[in-house]
Amino acid sequence: MKKAGKWGALLALTGMMLVAAGCGNSASPAANSSQPAASTPAPAANNSSGGSGAAEKKITLGFAQVGAESGWRTANTKSVQESAAAAGIDLKFSDAQQKQENQIKAIRSYIQQKVDVIAFSPVVESGWDTVLKEAKDAGIPVILTDRAVDSKDTSLYVTFLGSDFVEEGRKAGQWMLDQFKDATEDVNIVELQGTTGSAPANDRKAGFQEVIQSNPKLKIIASQTGDFTRAKGKEVMQAFLKAHKDIDVLYAHNDDMALGAIQAIEAAGLKPGVDIKIISVDAVKDGMQAASEGKINFIVECNPLLGPQLMEIVKNVVDGKQVEKRIVTKEGTFTSEQAKEALPTRQY
Amino acid sequence: MNGLMKHHLFWPLVVLAALLLFNLLYSPDFFQLVMRDGHLYGSLIDILNFGSPLILVAIGMTLVIATKGIDLSVGSVVAISGAMACLTISEGADQQAGGLVLTAVGMSLGLSLVLGLWNGFLVAGAGIQPIIATLILMVAGRGIAQLITGGQIITVTSPAYEYIGAGSLFALPFSIFIVIAMYIAALLLTRKTALGLFIESVGCNPKASRLAGIRSGLVTVAVYMFCGLCAGIAGLILSSNVSSADGNNAGLWYELDAILAVVIGGTSLNGGRFYLTGTLVGALIIQTLTTTIYMIGVSPEITLVVKAFVVLAVCLIQSESFRKKLVHRWKTRRYPAEREVTRHV
């Protein structure tokens, strides 16, 4: 009885409300409480013990991660795992290895295990309606972290905690504008996109384009996906360097691709950061290291340490408090000089 | 001319030439090679350098397919071998030390051989169908690679290790020499000794070969081990090229590219015959196609469709019955009315 779940109490309450609504105003309060007790005896029993026992039950959080694609993701995973342990939340963690079907499977298994809250970073933006509907039907609240879904029905998830990728793109674009405002010739930009169809790739591209449009001298001459990985970043950049002789700026959607591209640029006998200016997003340790060496000129931060904020939200959701539909993480930007100063104190 | 066209390498070479010609027309300096910092630099070098892991895996795959088998686990072996090497180096005190790099290379190659032995044992010893037997390691292998890397990307700073995939010898990427060495070794072993015949006869009929005195089980195991070794070397090249090991993405879908390269090269999936040089050309076609797509700026959303169309075209050109049908239709093209007349007369 003491172990009885707060969630169970909540369920019973909802059940009661439903029954009350169904019965209309003619039903007496006594009749209401007896009906759920008949159908689901256990939750109704908790109801009497009330909130006293509820606080002792451990909250279970199912978290479906994208996969270990980059240093950023690793920091993100660590942050979630550490802060879950610190907050006393039972974390069920799964790694989708960048495949949507794996993530859907993981979410379904969380629904079956009846976790209290599901949180996940969608691999791609679309195709989540069915599984989110299943979670909703099971009465499990869903929190999106770091990446959004393009679902029309926003009631399918409680909140979206994460960076504003469009804003990140805009920040990168703004730096371009400021740097090249006096340009008299065309400035040729090549872009290394993230995984095709993923929210950060779509949004970072859109935000960047939106800002640099105001200066017609800034031109994106080539854009190709590097899948957020170092190997692909290098391979694609090598092809770019062969196909275009006059690249002035590289805009990479994450640090790892920029790091791969730096190797390609060095192999071409050019100086990264000097001959070709490099803008990147994420600010992971390796990226900051390269920035402090002057190889990356400008990094827009994308904070992976969502863990503490996520656990806060999970608790609020379980307590039935109202949470904001969109929670943006705090992030900054770094130039080479700022990166040099910030590097020693970086956690990831 | 007819004899030339009948040669199994004719169509693959035509396709490769067509791809290169397209590049030449599209960007004239595609073939330009310049000396930079003491090594050659240009698109062709890139194709050879980035294509070398695929060629290696495909060579191993050719021999496996020749025994009527298939090895789906090569992509995972690539990831495991890279992960093992990078882990060993990252844990060493001095990452530059040559001995450490040699240990790392030795350990990952040893591990790859063991994985090959595992596949061979399942196929020859336990009698499981090759596609299922290797599927096990294909799925489990990614997990093993992640276990080794701890789910993270391991970055190493070791110039000695980097040399394998990114260094150059005589102005050419070092990886090319590894590929040439393995290719020649495979060619000599299979064409200058009886081993090639053994492999082909096992591919035709393992039971009959055993009755004829060939230890077909041993041949099968050896072939899977060789394939594992090739994949292991490919993993070293891939991971050392970017100085990091990524358990998740290294060698992803390599098995499919390798099988495609083998098939484009003219080796039948039914086993019994194999063409190592054809495989080499097939792998080069695939890598040239990838590079071409990057160079001409196909938008990333439709890259795979473009690739699929080219591959479809290549396979259709390769198919003898399709060619015959096409030629037949061309030659016997008659209008319905004409046919009518012939029949009535």
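If you go through the stretch A:247-282, how many residues are of a type in the set (D, E, K, R) and closer than 13 Å to A:Val236 by Cβ?
Of the residues in the stretch A:247-282, 1 are of a type in the set (D, E, K, R) and closer than 13 Å to A:Val236 by Cβ.
Take the residues in the stretch A:238-262 that are more than 27 Å from B:Leu289 (Cβ to Cβ) and away from every other protein chain (no Cβ under 14 Å), then tell me which one is surrounded by the most Cβ atoms within 10 Å (Cβ to Cβ).
A:Val249
Scan the stretch A:100-122 for residues that are closer than 17 Å to A:Thr74 by Cα and in a loop (DSSP other than H, G, I, E, B) and jot them down.
Passing the criteria: A:Ser121, A:Pro122.
Do the conditions hold for B:Gln318, that is, is it under 22 Å from A:Asp227 (Cα atoms) and either polar (S, T, N, Q) or more than 14 Å from chain A (Cβ to nearest Cβ) (or both)?
no
Considering only the stretch B:137-148, I want to know if a residue exists there that is under 18 Å from B:Ile89 (Cβ atoms), within 14 Å of chain A (Cβ to nearest Cβ) and not in a helix (DSSP H, G or I).
The answer is no, given that none of the residues of the stretch B:137-148 is under 18 Å from B:Ile89 (Cβ atoms), within 14 Å of chain A (Cβ to nearest Cβ) and not in a helix (DSSP H, G or I).
Can you say whether B:Leu19 is surrounded by 14 or more Cβ atoms within 10 Å (Cβ to Cβ), at pLDDT below 85 and over 30 Å from B:Ile128 (Cα atoms), as far as the supplied structure shows?
no
Of (1) hydrophobic (A, V, I, L, M, F, W, C); (2) in contact with a helix residue (DSSP H, G or I) (Cβ under 8 Å, 6 or more places away or on another chain); (3) over 20 Å from A:Asn316 (Cα atoms), A:Ala75 satisfies all except one. Which?
(2)
Among A:Glu235, A:Glu210, which is more than 9 Å from chain B (Cβ to nearest Cβ) and either within 20 Å of B:Leu304 (Cα to Cα) or surrounded by fewer than 20 Cβ atoms within 10 Å (Cβ to Cβ) (or both)?
Every option except A:Glu210 fails the conditions.
Just one of B:Ser239, B:Ser268, B:Ser244 is at pLDDT below 85 and facing chain A (nearest Cβ under 9 Å); which is it?
B:Ser244
Quick check: is even one residue across the stretch B:29-47 surrounded by fewer than 16 Cβ atoms within 10 Å (Cβ to Cβ), within 14 Å of chain A (Cβ to nearest Cβ), over 13 Å from the mean Cα position of the chain (by Cα) and assigned to a helix (DSSP H, G or I)?
Checked the stretch B:29-47: at least one residue is surrounded by fewer than 16 Cβ atoms within 10 Å (Cβ to Cβ), within 14 Å of chain A (Cβ to nearest Cβ), over 13 Å from the mean Cα position of the chain (by Cα) and assigned to a helix (DSSP H, G or I).
In this structure, does A:Lys171 turn out to be in contact (Cβ under 8 Å) with a residue 40 or more places away in the chain and either over 24 Å from A:Val117 (Cβ atoms) or assigned to a helix (DSSP H, G or I) (or both)?
yes
Considering only the stretch A:308-348, state which residues are part of a helix (DSSP H, G or I), of a type in the set (S, T, N, Q) and either within 28 Å of A:Met288 (Cβ to Cβ) or in contact (Cβ under 8 Å) with a residue 60 or more places away in the chain (or both).
A:Gln309, A:Ser336, A:Gln338, A:Thr345
Which members of the stretch A:213-231 meet the condition of being within 14 Å of chain B (Cβ to nearest Cβ) and among the basic types (Lys, Arg)?
Residues satisfying the conditions are A:Lys219, A:Arg230.
Out of B:Gly82, B:Gly116, B:Gly106, B:Gly110, report the one residue that is in contact with a Phe, Trp or Tyr (Cβ under 9 Å, 6 or more places away or on another chain), in a helix (DSSP H, G or I) and either within 14 Å of chain A (Cβ to nearest Cβ) or of a type outside the set (Val, Ile, Thr) (or both).
Answer to the selection: B:Gly116.
Are any residues in the stretch B:291-309 assigned to a helix (DSSP H, G or I) and either free of Cβ contacts under 8 Å to residues at least 60 places away in the same chain or basic (Lys, Arg) (or both), and if so, which ones?
B:Ile293, B:Tyr294, B:Thr303, B:Leu304, B:Val305, B:Val306, B:Lys307, B:Ala308, B:Phe309, listed by residue number.
When B:Ile214 is evaluated against the numbered criteria (1) farther than 24 Å from B:Leu122 by Cα; (2) in contact with a Ser or Thr (Cβ under 8 Å, 6 or more places away or on another chain); (3) not in a helix (DSSP H, G or I), which criterion, by number, is the only one it fails?
It is condition (1) that B:Ile214 fails.
Just the residues that are at pLDDT below 90 and farther than 24 Å from B:Val34 by Cα, please, taken from the stretch A:233-258.
A:Asn254, A:Asp255, A:Asp256
So is B:Phe274 part of a loop (DSSP other than H, G, I, E, B) and either crowded, with 22+ Cβ neighbours inside 10 Å or modelled with pLDDT of 90 or more (or both) or not?
Answer is yes for this residue.
Within the stretch A:77-99, restricting attention to residues that are assigned to a loop (DSSP other than H, G, I, E, B) and more than 14 Å from chain B (Cβ to nearest Cβ), which residue is surrounded by the fewest Cβ atoms within 10 Å (Cβ to Cβ)?
A:Gly88
Hey, among the residues in the stretch B:317-341 that are polar (S, T, N, Q) and part of a helix (DSSP H, G or I), which one's modelled with the lowest pLDDT?
This residue is B:Gln318.
Condition test on B:Ser52, is it within 14 Å of chain A (Cβ to nearest Cβ) and assigned to a helix (DSSP H, G or I)?
Answer is yes for this residue.
Scan the stretch A:263-290 for residues that are on the phi < 0 side of the Ramachandran plot, in contact with a strand residue (DSSP E or B) (Cβ under 9 Å, 6 or more places away or on another chain), away from every other protein chain (no Cβ under 11 Å) and not small (Gly, Ala, Ser) and report the count.
8
The values are calculated or read from the model by the stated rules, or taken from the named source; none is laboratory data. The model shown is predicted, which means the values in this text are computed figures rather than measured ones. Note that we place each Cβ from the backbone using ideal geometry, even for glycine, and neighbour counts take in every protein chain shown.
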